Amino acid sequence: MCGVFGFVSNGGPINIRTLKKIAQVTETRGAHAFGFAWTDAAGRLRMFKQTGRISDSLGLLGMLKGARMLIGHCRFATHGDFRNNGNNHPHPADGGWIVHNGVLPDYQRVIRENGLLPQTECDSEILGLLIENERGTMQERCKMAVELAAPCGGDLFRKERPLVMLGLWNRPGRLIAVRRGNPLHFGFTDDGTYLASLPEEMPGKVKAVRNNTIQEFAPSKPVKSMAF
């Protein structure tokens, strides 16, 4: 099942107390492992992940103090043993990181057809590998990666797969949110925008992300939206 969460600053710091509440709600969608990637006040991109419940390690969220952007994940393992931390999220994506909520049951076919070289047993890893293979803007590359990994229509093995993906890069700094079918919500505050699979405990004005869209965020900049 899995769940994701995130944050993009609008000039203010992330609220760690709010983040802890969102993380605990997100854990109801996956308690095998957790992880996050973030950009700090200096613009450096960082990543951390480990096995276990995030609710048992809330103190670790203190390392996110001062984060300008953040993506996070609570995992329920479907492909790849969560006890091997390499299988857990985030996964690398051309100098950035992605987290994914969804299942890609025919990911081995995608690996063969696109000549990918995965390093883990997790199906989600192929999204980052496909992003690296594609060309165009990062929004366009995310769109193509999703369409290749979970194509719409066609035969039984190529039917649409619901998913959510969050990606984070720092050159330049941006967070990309993809929603197709699975839940994703915004929470708008003076400090910035929070994102999460579930709306409970989200601050500010909360609304669902429009389905079948790709949203690109950057600190203190307008959101760029693309339909697909």
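Read-outs throughout are calculated quantities, based only on the coordinates presented, and are distinct from any laboratory measurement. Here the structure is a predicted model, which is why all the values come from computation and not from measurement. Heads up, the Cβs are rebuilt from the backbone with ideal geometry, glycines too, and the neighbour counts pull from every protein chain shown.
Odds and ends about this structure:
- Label-to-label distance, Phe76 versus Ser55, with points set 7 angstrom from Cα along the beta-carbon direction: 1.4 nm.
- Relative to the current alpha-carbon distance between Arg171 and Arg109, full extension at 0.36 nm per residue lengthens the span by 19.2 nm.
- Cα-Cα P(r), the chain, percent of pairs per 10 Å interval: 9, 37, 39, 14, 1
- Computed over the range 111-150, the ratio Rg/Rh where both radii use C-alpha atoms and Rh is Kirkwood: 0.94
- In order along the range 182-188, phi translates into HN-Hα couplings of 6, x, 7, 10, 9, x, 9 Hz, rounded to whole numbers, per the Karplus curve 6.51 cos²θ - 1.76 cosθ + 1.60 with θ = phi - 60° and x for Gly and Pro.
- Across the alpha-carbon atoms of the range 57-100, the computed radius of gyration and Dmax are 12.1, 33 angstrom.
- The range 106-125 and the range 178-207: distance between their alpha carbon centers, rounded to Å: 30 Å
- By the count of other C-beta atoms within 10 Å, a proxy for reagent exposure, Val110, Val4 are ordered fewest to most as Val110, Val4.
- Going from the residue with the fewest nearby Cβ atoms within 10 Å to the one with the most, Glu140, Glu125 rank Glu140, Glu125.
- Residue order for Phe82, Phe76, fewest other beta carbons within 10 angstrom first, comes to Phe76, Phe82.
- Charge dipole (debye, nearest 20) of the chain; +1 at Cβ of Lys and Arg, -1 at Cβ of Asp and Glu: 500 debye
- Length added when fully stretched, Met63-Glu140, from 0.36 nm per residue minus Cα-Cα: 24.5 nm
- Note on Val223 and Lys205: their simple-model spin labels are 1.1 nm apart, each label 7 Å out from Cα toward Cβ.
- Distance (nanometres) between label positions extended 7 Å along Cα→Cβ at Phe188 and Met1: 3.0 nm
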